[in-house]
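Q: What follows is a structure written as structure tokens; I'll ask about it next.
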Amino acid sequence: MYARITGTGSYLPEKVLHNRDLEKIVDTSDKWIRERTGIIKRHIAAEGQTTRDLAVEAARRALQSAGRQPQDVDLIIVATTTPDKVFPSTACLVQQSLDIHGCPAFDVQAVCTGFVYALGVADKFIRSGSHRCALVIGAETISRILDWSDRSTCVLFGDGAGAVVLEPSEAPGILSTHLHADGKYEELLHVPGGVSRGYPAEEAGGAFVQMKGNEVFRIAVNTLGKIVDETLEENQLQKSDIDWLVPHQANIRIIAATAKKLNLDMNQVVVTVDEHGNTSAASIPLALDVAVREGRIKPGQTLIMEAFGGGFTWGSALLRL
Ligand code: COA
């Protein structure tokens with residue numbers, strides 16, 4: 001028994017912020033952002049529009065593409081770092097909006113690796129036979145935890161949501177998931193403040209993303225190269241068996257390095273970082289939905305998803321669509 005993706009959906013907020021708009025806010029340039037990151041624009045949630053709102057839209061679209069009704073869903077997992085409330089979980093809020101009652105609903109927090117973690121968890125629920133229709137969502141309003149005066153972070157991120165429906169199948173779907181973390185890198189990429197620790201007044205920027213970008217970059221490239229090897233080895237596959245790379249969208253240079261490691265041409269890589277920026281846990285399901293709806297990824301093809309994020313956390317999923 002496998003778990004298979006039977007539907008995909010995504011949602012981007014209406015407001016678009018171009019690099020040129022950022023030039024008016026911080027000391028940066030369109031040229032610098034394009035060359036160092038590949039980002040051209042990103043979407044930003046409207047005032048009052050929350051992670052739940054984005055997640056619900058993406059979930060509705062995924063259910064529609066799977067030909068399922070909300071009432072068919074028996075498991076909801078939301079990967080997010082930017083929940084609406086401390087509690088209830090965003091998954092419970094999504095459940096309420098979709099008028100679903102009684103099924104388990106919970107959030108997963110692994111920052112940019114969140115969707116891969118959520119998919120790994122849902123895969124185990126479905127394969128065990130305990131659940132038959134999972135909604136797995138990555139949704140973020142990262143714009144709310146950015147310091148808009150810090151050019152080293154505010155140009156990198158965007159808001160959005162992506163979702164998949166996962167159902168049991170005798171034909172191969174998810175072939176393997178690989179999840180990792182190492183908390184020793186806590187301070188290279190983090191939001192220093194929090195509910196329990198508080199937001200000390202003297203700790204400027206305690207509520208916002210802080211990142212040592214070039215150190216993160218170096219470790220990300222290295223680690224993603226290794227996770228790709230681990231994924232191929234465990235499945236006894238060759239690089240040539242992979243049709244598509246659907247990577248986390250943090251930086252085009254990181255994506256290109258992983259593609260090179262897999263001997264993949266860039267036209268076998270789904271790239272959305274130019275249009276979406278880094279949407280953290282939402283980036284992989286957003287990219288997947290774009291490529292599926294454009295008819296680029298075809299049923300039966302083999303794809304590898306990989307992600308790296310705060311924690312550090314990292315992971316991959318190998319699957320057949
Ligand atoms: N505009 C213009 N200049 C900027 C800038 C901006 N938005 N942000 C930083 N700079 C400057 C720096 O101040 C530095 O100037 P200096 O040389 O005078 O000190 C210079 O650009 C180079 O900075 P550096 O941080 O070394 O650049 P980089 O090539 O490493 O690119 C990132 C920066 C953030 C784009 C890149 O490191 C990165 O993508 N890191 C990983 C991101 C990531 O994967 N995130 C986590 C996973 S989700």
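The values are calculated or read from the model by the stated rules, or taken from the named source; none is laboratory data. As the structure is a computational prediction, the values presented were derived from the model and not from experiment. Glycine also receives a Cβ, built like all others from the backbone with ideal geometry; neighbour counts cover every protein chain displayed. For accessibility, only protein heavy atoms count, side chains too; no ligands or nucleic acids. Shrake-Rupley method; radii C 1.70, N 1.55, O 1.52, S 1.80 Å.
Q: Find the eigenvalues of the gyration tensor of the Cα atoms of segment 34-190, then list the square roots of 5 times those eigenvalues as equivalent ellipsoid semi-axes, largest first, in whole angstrom.
A: The answer is 28, 19, 15 Å, longest axis first.
Q: Please work out the ratio of the alpha-carbon Rg of the chain to 2.2 N^0.38 Å and round it to two decimals.
A: Here the Cα radius of gyration is 0.93 times the empirical estimate.
Q: Please give the per residue volume of the convex hull enclosing the alpha carbon atoms of segment 100-246, rounded to a whole number of Å³.
A: Convex hull volume per residue, Cα atoms: 169 Å³.
Q: Using Cα-only point scatterers and the Debye equation, what is log10 of I(q)/I(0) for segment 220-277 at each q in 0.23, 0.30 Å⁻¹, rounded to two decimals?
A: Treating every Cα as an identical point scatterer, log10 I(q)/I(0) equals -0.91, -1.35.
Q: What's the ranking of 65-72, 92-99 by average number of surrounding C-beta atoms within 10 Å, highest first? Numbers along the way, then the final one.
A: Values: 65-72: 15.9, 92-99: 19.4.
Top to bottom by mean Cβ count within 10 Å: 92-99, 65-72.
Q: If you don't mind, another one. DSSP loop (so not H, G, I, E, B), at most 14 other Cβ within 10 Å: list which GluC sites (Glu not before Pro) in segment 180-279 pass both filters. Intermediate values should be presented prior to the final figure.
A: Working: sites: Glu186, Glu187, Glu202, Glu203, Glu215, Glu230, Glu233, Glu234, Glu275; in loops: Glu202, Glu203.
Here the GluC sites (Glu not before Pro) that fit, given the DSSP loop and packing criteria, are Glu202, Glu203.
Q: Also, I was wondering about something else. Could you give the accessible area per residue of the chain, probe 1.4 Å, as a whole number in Å²?
A: Here the per-residue accessible area is 43 Å².
Q: I want the local charge near Asp150. Using Cβ-Cβ distances under 13 Å, sum +1 for each Lys or Arg and -1 for each Asp or Glu among the other residues.
A: 0
Q: Calculate what fraction, in whole %, of the accessible area of segment 170-321 sits on carbon and sulfur atoms when a 1.4 Å probe is rolled over the protein chains.
A: Summing carbon and sulfur atoms, their accessible area is 48 percent of the total for segment 170-321.
Q: Still on this structure: Sorted by accessible area with a 1.4 angstrom probe, largest first, how do Tyr2, Tyr199 fall?
A: Tyr199, Tyr2
Q: Can you list the residues, at least 5 places off or on another chain, whose amide H is less than 5 Å from the amide H of Leu75, using H built in the peptide plane?
A: Close amide H contacts, sequence-distant or interchain: Cys133, Leu135.
Q: Return the sequence-ordered ³J(HN,Hα) values of segment 223-235 in whole Hz as given by the Karplus equation 6.51 cos²θ - 1.76 cosθ + 1.60 applied to θ = phi - 60°, using x for Gly and Pro.
A: 5, 5, x, 5, 5, 5, 4, 4, 5, 5, 4, 4, 9
Q: Under 12 Å between C-alpha atoms is the cut-off here; go through the chain and count lysine pairs that meet it, provided they're at least eight residues apart or on different chains.
A: Within the chain, the lysine pair count is 4.
Q: Enumerate the calculated ³J(HN,Hα) couplings along segment 94-101 in order (Karplus 6.51 cos²θ - 1.76 cosθ + 1.60, θ = phi - 60°), each rounded to whole Hz, writing x wherever the residue is Gly or Pro.
A: 5, 4, 4, 5, 8, 6, 9, 9
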